[in-house]
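I'd like to ask some things about the structure below.
The values are calculated or read from the model by the stated rules, or taken from the named source; none is laboratory data. Since the model is a prediction, treat every value here as computed from it, not as a measurement. Neighbour counts run over all protein chains shown; Cβ positions are idealised from the backbone, glycine included.
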Amino acid sequence: MSKVEIEIPDDRRFRAEWRIRPQDKQICVVITNENAVVICQFRKDEELLKDCFLNIDKSNYISWMFVDRWKPLGLPADVNKRILAEIEKWFEEDE
């Protein structure tokens with residue numbers, strides 16, 4: 001499969017049924033099928049082929065079947081880096 005990099009307008013959201021996925025560990029805004037708005041981190045699972053979103057607020061996973069739309073959050077680089085580091089600490093603590 002080929003990968004491409006694209007730029008999208010800030011108001012553009014991707015529908016879950018489209019085969020477009022965020023980058024692994026990218027922070028996104030997800031709108032669920034129940035119209036809840038959630039800040040998540042996309043988690044690519046190459047082994048199980050079960051890509052999903054990690055709900056940052058509740059530390060639980062949201063399966064694609066519960067996602068209606070999503071878009072990259074687009075945080076400032078320093079804030080994004082800090083949040084990613086904090087999430088990685090969660091996974092280190094579980095080991």
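Taking the condition of a type outside the set (Lys, Arg) and touching a helix residue (DSSP H, G or I) at 6+ places or on another chain (Cβ under 9 Å), does residue 51 pass?
Answer is yes for this residue.
Do you know which residues across segment 18-43 are exposed (fewer than 13 other Cβ atoms within 10 Å of the Cβ) and of a type in the set (D, E, K, R)?
Selection gives 19, 24, 34.
Yes or no, residue by residue, for (1) at pLDDT 90 or above; (2) touching a strand residue (DSSP E or B) at 6+ places or on another chain (Cβ under 6 Å):
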{"site": "6", "(1), (2)": "no, no"}
{"site": "11", "(1), (2)": "no, no"}
{"site": "14", "(1), (2)": "no, yes"}
{"site": "19", "(1), (2)": "no, no"}
{"site": "30", "(1), (2)": "yes, yes"}
{"site": "51", "(1), (2)": "no, no"}
{"site": "62", "(1), (2)": "yes, yes"}
{"site": "92", "(1), (2)": "no, no"}
